[in-house]
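Report on one structure; see the data block that follows.
Any read-out appearing in this document is the output of simple, stated calculations on the displayed coordinates, not a laboratory observation. Keep in mind it's a predicted model, so treat the numbers as computed, not measured. For neighbour counting, all protein chains shown are included, and Cβ atoms are generated from backbone atoms with ideal geometry for every residue, glycine included.
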Amino acid sequence: MISRLSKASVLTFMLLFSHFAFAMGGRSFDASEYPKIDKVEVYKGERRMDLLTETNDGFEVVKSYSISLGRNPIGHKQQEGDARTPEGLYTLNWKNPNSAYHLSIHISYPNAQDRRQAQERGVSPGGEIFIHGKPNDTRRWAWLISPLFEGNVNDAIHAILAQFDWTQGCIAVLNHEMEEIWELVDVPTPIEIFP
């Protein structure tokens, strides 16, 4: 008979494996099939990011993505190193094709208010906040995964990371999702991040 701990372990493994198998499935993506993206909205509490197009009736969601956030996800980013994801209205203002996290799009944090508030507290507001994929270098996690997984260890690590808040304050998605976002979102584009 399988113990409760054993059942929980098996269920956890099955969940992670099914997410991994889905994440690695073949996809074809054609950005020309989608309308222009006019705004990005992030709902931290729901771990969701929406790409929106403007219509005569307001904004309409074109695509949604599950996201991972900073390791300390509750509240607005206050200072460098707090592992929080900022909240408020910013701009996606440049793309980095040579990111250490597959691809990345920069978020214009800190804005003038963020800098002023940090200065009042005598701290650095931090910066370098991006929407990005999973890390290119996964060696620090490989020791944990490689005994359990015979396939591509990087792929397994990416699928597992998708289940947790693990960034330093950035917004992370799976690599194939980042490729879609990269193709769909031009810069500059406004991004609003909600609690």
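Which pairs, out of K39/K134; K36/K95; K39/K95; K36/K134, put more than 20 Å between their alpha-carbon atoms? Violating the 20 Å limit, Cα to Cα: K39/K134; K36/K134. The N136 and T55 beta-carbon pair, evaluated with R₀ = 41 Å, returns a calculated FRET efficiency of approximately 0.65.
Listed by chain and number, the aspartates and glutamates placed with their C-alpha closer than 20 angstrom to that of K44 are E60, E80, D82, E87, D114, E128, D165, E177, E192; residues fewer than eight positions away on the same chain are left out. Can you tell me how the stretch 29-194 classifies by the Cα gyration tensor, rounded, prolate or oblate, using a/c under 1.5 as the rounded cut? The shape class here is oblate.
For the pair S28 and E80, what calculated FRET efficiency results from E = 1/(1 + (r/R0)^6), where r is the Cβ-Cβ distance and R0 = 35 Å, to the nearest 0.05?
On the way: r = 40 Å, r/R0 = 1.16.
Working from the Cβ atoms, E equals 0.30.
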